[in-house]
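K.L.:
Sharing a structure with you now.
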Amino acid sequence: MPPAPNHADRAQRRPPGRTNPPRGGRAVLLYDGACRFCVGGAARLRGLARRGAIELADYNQPGALEPFPGLTTEECRRAMHLVRPDGRVFRGVGAVAEAIATRGPLGRLARICHVPGLRHLLGGVYRVIAANRYRLMGRTAASPACDLGACGLHDRPCR
């Protein structure tokens, strides 16, 4: 009889764009807590979402990604990720749109992100900002993330 599959095996069999559902029935926004720009953006995004719909999680914190097999630190360094209560994963502009979509009339505005061409354009802008986020506003004070390699993403030391 073959051995029972381990946690990593289960993650590999998941459909692309899915992971374990977050505990607590709320979406989880994984962001870079070492980045001032990201910390502020995540807080603003939570404010735009329906009250209580989103929990923020700094992926640099020990164990932050453990509940979400298949998501890696490297992926999270490239873009913020939103894990919906059903386990679907959205990244970058898709994460922004999904967070805003939780909010009634404002949520309908988030549908514009799915317009062909516009999503591609917004995704390109997001990628440029994400790649330069430490240059834009630096890192948060007393953040150990640079010691963990988060700042190495940009081949420059943190400020």
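K.L.:
Using each residue's phi in region 76-88, evaluate 6.51 cos²θ - 1.76 cosθ + 1.60 at θ = phi - 60° and report the 3J(HN,Hα) Karplus result to the nearest Hz, with x for Gly and Pro.
P.N.:
With the stated coefficients, region 76-88 comes to 5, 5, 7, 6, 5, 10, 10, 9, 6, x, 8, x, 5 Hz.
K.L.:
Now a separate question. How do the peptides 41-50, 88-97, 111-120 rank, highest first, by the average count of neighbouring beta carbon atoms within 10 Å per residue? Intermediate values should be presented prior to the final figure.
P.N.:
Values: 41-50: 17.1, 88-97: 21.3, 111-120: 11.4.
The most tightly packed comes first, giving 88-97, 41-50, 111-120.
K.L.:
Accessible area per residue for region 23-141 in Å², computed with a 1.4 Å probe and the full protein assembly in place, what is it? Don't jump to the answer; show the numbers that get you there.
P.N.:
Details: 6330 Å² over 119 residues.
Accessible area per residue, region 23-141: 53 Å².
K.L.:
Follow-up. Grab the beta carbon distance between Leu106 and Arg23, set R0 = 30 Å, and tell me the FRET efficiency rounded to 0.05. Don't skip to the end; give the middle numbers.
P.N.:
Values: r = 27 Å, r/R0 = 0.88.
Working from the Cβ atoms, E equals 0.70.
K.L.:
Okay, moving on. Once you put a point 7 Å from the Cα of Leu121 and another 7 Å from the Cα of Arg135, both along the Cβ direction, what distance in nm separates them?
P.N.:
The two pseudo-label positions are separated by 2.3 nm.
K.L.:
While we're on this one: Once you treat every alpha carbon in region 12-139 as an equal point and sum by Debye, what is log10 I(q)/I(0) at q = 0.19 Å⁻¹?
P.N.:
-1.11
The values are calculated or read from the model by the stated rules, or taken from the named source; none is laboratory data. Since the structure is predicted, the reported quantities are computational estimates derived from the model, not experimental observations. Glycine gets a Cβ as well: all are built from the backbone with ideal geometry, and neighbour counts include every protein chain shown. The area values use the complete protein model at the heavy-atom level, side chains included, leaving out ligands, DNA and RNA. Shrake-Rupley method; radii C 1.70, N 1.55, O 1.52, S 1.80 Å.
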